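Beneath this line is the structure, given in structure tokens, with notes to follow.
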Amino acid sequence: MSNKRKQSRVNLDIYLNKYVAGVPYMARTSDISREGVGLAHLIEPDMAGSRVGLQFQLPGSEEVIYAEGEVVREWCDLDHKEEGSGVRFTLLTERHRRLIDQFCTRNDVQ
């Protein structure tokens with residue numbers, strides 16, 4: 001599978017709220033970039049839709065980040081019984097964008 005992201009990914013293993021049609025579901029991140037986040041699905045409806053809301057805190061920060069995003073990729077690994085999605089940020093305050101940028105810069109392994 002090709003990597004279509006333009007920004008490098010930074011590992012991020014946290015739980016967050018993923019809002020689907022206004023209803024919160026718990027998801028777990030696998031990575032984050034300046035453009036979006038990779039999510040492992042935990043419990044959510046089969047027909048999740050392409051627009052989601054996200055609510056999370058980055059490690060070492062007290063601030064809750066609110067974002068909206070578009071699901072741009074979904075995957076299912078039947079061997080490991082894992083499902084996930086890639087979400088591209090579509091709405092993010094400038095302050096929250098800076099927090100994500102700073103986190104990615106501090107944790108970039110390049």
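The values are calculated or read from the model by the stated rules, or taken from the named source; none is laboratory data. Being a predicted model, the structure only gives us computed values, none of them experimental. Every residue, glycine as well, gets a Cβ built from its backbone with ideal geometry; the counts of neighbours run over all protein chains shown.
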- prompt: Within the bounds of region 68-83, is there any residue that is in contact with a Lys or Arg (Cβ under 9 Å, 6 or more places away or on another chain), under 19 Å from N107 (Cβ atoms) and assigned to a strand (DSSP E or B)?
  reply: no
query: Can you tell me which residues in region 11-52 are surrounded by 16 or more Cβ atoms within 10 Å (Cβ to Cβ), more than 12 Å from the chain's Cα centre (by Cα) and within 15 Å of V72 (Cβ to Cβ)?
result: A48
query: Can you name every residue in region 64-75 that is at pLDDT 95 or above and within 20 Å of N11 (Cβ to Cβ)?
result: I65, A67, G69
field: Residue in region 76-89 that is nearest to the chain's Cα centre (by Cα), counting only those that are at pLDDT 80 or above and within 18 Å of P45 (Cβ to Cβ)
entry: V87
